[in-house]
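The values are calculated or read from the model by the stated rules, or taken from the named source; none is laboratory data. Here the structure is a predicted model, which means the values were calculated and not measured. Ideal geometry is used to build each Cβ from the backbone, glycine not excepted, and the neighbour counts take in all protein chains shown.
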Amino acid sequence: MLNFLSEATSAVESAVESAAQTQQNLQLVSIDPGTIVFTLINTLIIFLIFKIFLFKPVGKILDKRKEMAASAIKDAEAAKAAAEAAEKEYNESLANAKAEAAEIVKQATIRAQKREEEIVNEANQKAAELRMKAEENIERDKQRALNEVKDQISELVVMAAGKVVEKEISASDNEEIISKFLNEVGAVE
């Protein structure tokens, strides 16, 4: 029984200690208005410190980044517009250059055709001149040959007449006979 009492005593002491512990724990968990106010003031102070030293600088950095991004976007749009304008100008220049090249080719073709016509006309004129000179030379050679034939015939006539008559013909008789003969020969042609 002693045992039982000692066990009961020790159980009561444990229960008392446990109750004291529970009471202390209850005080830790209990709502204390002073602690709440102190916690709120601490939280407010920490919030103000964060706002002053963290949120404002970070906000400024974010604003600067936002401005830089907007500036970069604006610059990119300006560069894009400039590139589009340059491309449009390049395309217009290219079209103008093609048109000029086509006009130059057209003018060169026209000049070549005119030059071709000039060369053909010059060649035709030279051929006509050469033909005329050749015809003149032929006519001249023909007249020369005719005159030589007439001279030879005259000599032959004179010789034949001299033999027939066997007398000497005077120069005036000779000229008269030659002229008469030439007129007859000229009529035969």
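A compact table of results
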read-out	value
Any chance Ala128 is within 30 Å of Phe181 (Cα to Cα) and among the small types (Gly, Ala, Ser)	no
One residue from Lys133, Lys167, Lys142 being part of a helix (DSSP H, G or I), at pLDDT below 90, more than 60 Å from the chain's Cα centre (by Cα) and of a type in the set (Lys, Arg)	Lys142
Residue in region 57-69 that is among the small types (Gly, Ala, Ser), surrounded by 10 or more Cβ atoms within 10 Å (Cβ to Cβ) and modelled with pLDDT of 85 or more present	yes
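For every residue, the table says whether it meets (1) of a type outside the set (Phe, Trp, Tyr); (2) assigned to a helix (DSSP H, G or I); (3) exposed (fewer than 10 other Cβ atoms within 10 Å of the Cβ); (4) at pLDDT 70 or above.
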{"residue": "Lys163", "(1), (2), (3), (4)": "yes, yes, yes, no"}
{"residue": "Ser172", "(1), (2), (3), (4)": "yes, yes, yes, yes"}
{"residue": "Ile178", "(1), (2), (3), (4)": "yes, yes, no, yes"}
{"residue": "Phe181", "(1), (2), (3), (4)": "no, yes, no, yes"}
